[in-house]
Amino acid sequence: MDLGLTGKIAMVAAASKGIGFAVAGLLAQESCLVSICARNEETLEQATDAIGGDTRSYVVDVKNADDLAWWLEQTQADLGTPDILVTNTGGPPAGMLGDMTDEQWQEGVDSTLMNVVRLSRLVTPGMLASGWGRIVHITSLVARDPNPILPISSTLRAGLVALTRLQALEVAAGGITVNAVLPGHTRTDRQTHLAEVRAEREKISVEQALQNQADLLPLKRLAEPEEIAAAVAFLCGQPASYITGQSLLVDGGAAAGI
Ligand code: NAD
């Protein structure tokens, strides 16, 4: 299937590793000009080399509003006005609800929610001016299936389902689609970190925690980041032009409910 993305300019947030990196790589393969950001210059440079193409990278903390505005300015100057925005972040603090502090909740709001609000607000005028745009938020399975060790993520990601729908309605007539992809358990550093939390709580090894997680899934394995990226790239593409306001689970059937 031709996604019709040749020459499109794509900003992919938090993309030096994991799912964001896989998304940036796939969009570059689809001949997009890709702008990625993350906080660490060294890992960003490694990611930029690995992605190849005309990929540019910028040191940005997605929690910081000024950084986000600067990232858009730099991308516009170096590549042009973005046609595609993929929001992403490292995931908020994990732990049981009763142990979460106000500071952790605030960090979660800044990293998980406000970066989505701010980045979408920044790129929308340019997309409306060109009459075409794609916004995809990478959120989580926990938006639909709250997880006891991810109370902050579960709460904020459920809110992002509503935000995605509201944003989609606001810009639909301007040729922009807004959707969210909700990954399930995916083989990344984030997944290893969550396994470490479970391992400590359950007094087992991290490897055992990862295996236990896989055994619980209908597919009996974790997702690869590229399997999440494929859904994101499809939603960015021309063939997905009539899909908007949706929160798409890519979880191998993990979420309960219909
Ligand atoms: P990861 O830890 O592998 O990668 C996170 C990326 O974000 C890295 O490039 C990191 O440098 C960057 N990053 C982190 N904080 C940042 C910040 N403040 N500013 C800029 N860049 C920052 O994570 P991942 O597994 O790819 O997860 C990505 C998102 O998907 C997270 O929000 C996570 O909650 C969500 N998610 C992941 C899984 C999973 O199993 N991996 C499942 C559901 C949802």
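The values are calculated or read from the model by the stated rules, or taken from the named source; none is laboratory data. The structure presented is a predicted model; accordingly, all values stated were derived computationally and were not measured. Methodologically, a virtual Cβ is constructed for each residue, glycine included, from the backbone with ideal geometry; neighbour enumeration extends over all protein chains shown.
If you check THR164, THR188, which single one turns out to be in contact with a helix residue (DSSP H, G or I) (Cβ under 8 Å, 6 or more places away or on another chain), buried (at least 20 other Cβ atoms within 10 Å of the Cβ) and either among the hydroxyl-bearing types (Ser, Thr, Tyr) or at pLDDT below 95 (or both)? Give the derivation first.
On the way: THR164 fails: in contact with a helix residue (DSSP H, G or I) (Cβ under 8 Å, 6 or more places away or on another chain).
Only one candidate qualifies: THR188.
If the requirement is being at pLDDT below 95 and touching a helix residue (DSSP H, G or I) at 6+ places or on another chain (Cβ under 7 Å), which of these qualifies: ALA69, ALA94, ALA143, ALA158?
Going through ALA69, ALA94, ALA143, ALA158 in turn, the sole match is ALA94.
Within the range 63-86, does at least one residue satisfy the condition of being farther than 30 Å from ALA195 by Cβ, of a type in the set (Phe, Trp, Tyr) and buried (at least 16 other Cβ atoms within 10 Å of the Cβ)?
Yes, the range 63-86 contains at least one residue that is farther than 30 Å from ALA195 by Cβ, of a type in the set (Phe, Trp, Tyr) and buried (at least 16 other Cβ atoms within 10 Å of the Cβ).
Can you tell me which residues in the range 49-73 are within 21 Å of HIS137 (Cα to Cα) and in contact with a strand residue (DSSP E or B) (Cβ under 6 Å, 6 or more places away or on another chain)?
Result: THR55, ARG56, SER57, TYR58, VAL60, TRP71.
Working carefully through the options GLY7, GLY53, find the one that is closer than 24 Å to PRO125 by Cβ, assigned to a loop (DSSP other than H, G, I, E, B) and either modelled with pLDDT of 95 or more or assigned by TED's automatic domain parsing to the domain that holds SER130 (or both).
Result: GLY7 is the single residue among GLY7, GLY53 that is closer than 24 Å to PRO125 by Cβ, assigned to a loop (DSSP other than H, G, I, E, B) and either modelled with pLDDT of 95 or more or assigned by TED's automatic domain parsing to the domain that holds SER130 (or both).
Do we find that ALA10 is surrounded by 21 or more Cβ atoms within 10 Å (Cβ to Cβ) and within 12 Å of the ligand (Cβ to nearest atom) in this structure?
It is false that ALA10 is surrounded by 21 or more Cβ atoms within 10 Å (Cβ to Cβ) and within 12 Å of the ligand (Cβ to nearest atom).
So if I check each of LEU122, LEU156, LEU141, which one is surrounded by 17 or more Cβ atoms within 10 Å (Cβ to Cβ) and closer than 24 Å to ASN40 by Cα?
LEU122
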